[in-house]
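Peer 1: Take a look at this one; I'll ask things after.
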Amino acid sequence: MHYTGTIWRPPYEASSLLLEVTAGCTHHKCKFCTLYNDLPFRFRMSPLEDIEQDLQEAKGQYELWENYKVKRTFLTGANPFVLQYERLLSIGKLIKRYFPENQTIGCFARITDITLKTDEELKSLQAIGYDGLTIGMETCDDEALSFMNKGYQSEDILEQCKRLEQANIQYKLFYLTSISGAGKGEQGAKRTAEICNQLQPKMVGANMLTIYPDSELLQEIKKGTWKEAGELEKYQELRMLVESLQNETEFAALGASNAIQLQGYLPRDKEKLLSILDEIIAGMSERELRNYRKNLPHL
């Protein structure tokens, strides 16, 4: 199989066939992100020949497991959905050729990737299996989005996710707790909930910002232009997000950046989630939580 650099996937894609179609990030400008710094280039598109070869190899391996059927394929890379419609369609057809039982195709996507497709193209991609996109929106705090160089604003999140809904493409949104900085987290969480409440995400997930030495954000901290929130403040922000969400959706904070993992369905489990967060805020020390963050080797 052709895999380049560290392969990142969400926890819920553990049983998916991982197929490399891109490597690296097309944007690669977010001040906090170091996930793709190990690549010798910022972005690479895999030749269709390599993709087909990987599918052939995977088919041979899966055939050794008599009763196993590939039901879902996850395209690897920071944002494979950036690929042109025709390219994504060709990849979808190749997957169907080698794994006719495959039902859905997922990948990471940036908000700006969606703008590259027409409404009809989105519907066509859905028809061939593209569904369950994972989108790192990070926040709907426009000031934070601008400062972190995300390349879009909250209205873009609202507009483009509504287009996915119109095409019947499900998606999961991820929030980056404390991206707004010290003293601004609860405000950012409220604004994010305001946008999410107008949408129908399959999941609202949360990760916690962890600042690494090779990030541009660390340089901003040293210059005094941005201040990191405390660990307990991050949980207060997360509480505000859960409290403010009115959607019927799954909520999950399962990544390694979360010292304590959370999962539930809203609104059914809202009070339970809020109770757990209250216990964390009241019962854990800043030092204890900070030690976890300091010893986190990577996400």
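The values are calculated or read from the model by the stated rules, or taken from the named source; none is laboratory data. The structure presented is a predicted model; accordingly, all values stated were derived computationally and were not measured. Cβ sites come from the backbone with ideal geometry, for glycine too, and all protein chains shown count toward neighbours.
Yes or no, residue by residue, for (1) assigned to a loop (DSSP other than H, G, I, E, B); (2) free of Cβ contacts under 8 Å to residues at least 12 places away in the same chain; (3) farther than 20 Å from GLY136 by Cα; (4) hydroxyl-bearing (Ser, Thr, Tyr):
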position	(1), (2), (3), (4)
ASP50	no, no, yes, no
ALA58	no, no, yes, no
GLN61	no, yes, yes, no
ILE91	no, no, yes, no
GLU101	yes, no, yes, no
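Peer 1: Is it the case that some residue within region 279-297 is in a loop (DSSP other than H, G, I, E, B), touching a residue at least 24 places away in the same chain (Cβ under 8 Å) and of a type outside the set (S, T, N, Q)?
Peer 2: Checked against the condition, which is being in a loop (DSSP other than H, G, I, E, B), touching a residue at least 24 places away in the same chain (Cβ under 8 Å) and of a type outside the set (S, T, N, Q), region 279-297 yields at least one hit.
Peer 1: I would also like to ask the following. Quick check on my filter: what residues within region 263-278 are without any contact (Cβ under 8 Å) to a residue 24 or more places away in the chain, in contact with a Leu (Cβ under 9 Å, 6 or more places away or on another chain) and not small (Gly, Ala, Ser)?
Peer 2: Selection gives GLN263, PRO267, ILE276.
Peer 1: Which residues, taken from region 9-26, are surrounded by fewer than 18 Cβ atoms within 10 Å (Cβ to Cβ) and under 28 Å from THR225 (Cβ atoms)?
Peer 2: none
Peer 1: Out of all the residues in region 105-133, which are assigned to a helix (DSSP H, G or I), touching a residue at least 12 places away in the same chain (Cβ under 8 Å) and more than 13 Å from ARG163 (Cβ to Cβ)?
Peer 2: Result: SER124, ILE128.
Peer 1: Sticking with this one: May I ask you to say which residue of ALA252, ALA259 is closer than 22 Å to THR139 by Cα, part of a loop (DSSP other than H, G, I, E, B) and in contact (Cβ under 8 Å) with a residue 40 or more places away in the chain?
Peer 2: Residue meeting the stated conditions: ALA259.
Peer 1: Go through region 57-88 and count every residue that is more than 21 Å from TRP8 (Cα to Cα) and either in contact with a Phe, Trp or Tyr (Cβ under 9 Å, 6 or more places away or on another chain) or not assigned by TED's automatic domain parsing to the domain that holds TRP8 (or both).
Peer 2: 4
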